[in-house]
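The values are calculated or read from the model by the stated rules, or taken from the named source; none is laboratory data. Everything numeric in this text was worked out from a predicted model, so none of it was measured. Please note: Cβ atoms are built from the backbone with ideal geometry, for glycine as well, and neighbour counts cover all protein chains shown. In case anyone asks, the SASA skips ligands and DNA or RNA and just uses the protein heavy atoms, side chains included. Shrake-Rupley method; radii C 1.70, N 1.55, O 1.52, S 1.80 Å.
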Amino acid sequence: MADEALTPVIVQDAATNRVLMLAYANEEALRRTRETGEAWFWSRSRNELWHKGATSGDWLDLVDVRVNCEQNSLLYRVRPHAGVCHTKDASGKARKRCYYRALKDAGTLEHL
């Protein structure tokens, strides 16, 4: 799958408006997302279709799909079932979002 066929997807919690993650979708992932009502993506690292939650149990139920003004990215508004990120917090649970660190002036990362 060539990168040109992939569309960036911002994933947002529909209840809180918090940005949860950034992923990519191809035509098949978008079709399956719309058909099943659950988030599907294209995994660039694994080079395969990815049904979010299939192995982790961290499902994302689709509320709606929005398209930006330039029609070059998507916004999936979702209801997460549990965590979202593949990394774990200090208690061993999946993080609620992938953007859990802030970049500070000295170039260090601070956990939020």
If you go through region 11-64, how many residues are modelled with pLDDT under 95, farther than 18 Å from residue 80 by Cβ and hydrophobic (A, V, I, L, M, F, W, C)?
0
Filter region 66-92 down to the residues that are at pLDDT 85 or above, among the charged types (D, E, K, R) and farther than 17 Å from residue 34 by Cα, then identify the one that is nearest to the chain's Cα centre (by Cα).
89
Of (1) in contact with a Ser or Thr (Cβ under 6 Å, 6 or more places away or on another chain); (2) within 13 Å of residue 98 (Cβ to Cβ), residue 22 satisfies every one except (1)
Flagged pairs (Cβ under 7 angstrom, 6 or more apart or on separate chains; first in region 92-103, open to solvent by 100 Å² or more (accessible area, probe 1.4 Å); second among the hydrophobic types (A, V, I, L, M, F, W, C)) are 96/84; 99/19; 101/109; 101/112; 103/109
Within region 29-45, work out how many residues are over 11 Å from the mean Cα position of the chain (by Cα) and either β-branched (Val, Ile, Thr) or open to solvent by less than 60 Å² (accessible area, probe 1.4 Å) (or both).
6
Selected residue (only one of 67, 78, 19 is closer than 18 Å to residue 7 by Cβ, surrounded by fewer than 18 Cβ atoms within 10 Å (Cβ to Cβ), touching a residue at least 24 places away in the same chain (Cβ under 8 Å) and not basic (Lys, Arg))
19
All positions within region 1-10 that are open to solvent by 50 Å² or more (accessible area, probe 1.4 Å) and either at pLDDT 95 or above or aromatic (Phe, Trp, Tyr) (or both):
10
Every residue from region 46-64 that is of a type in the set (Val, Ile, Thr) and exposed (fewer than 12 other Cβ atoms within 10 Å of the Cβ)
55
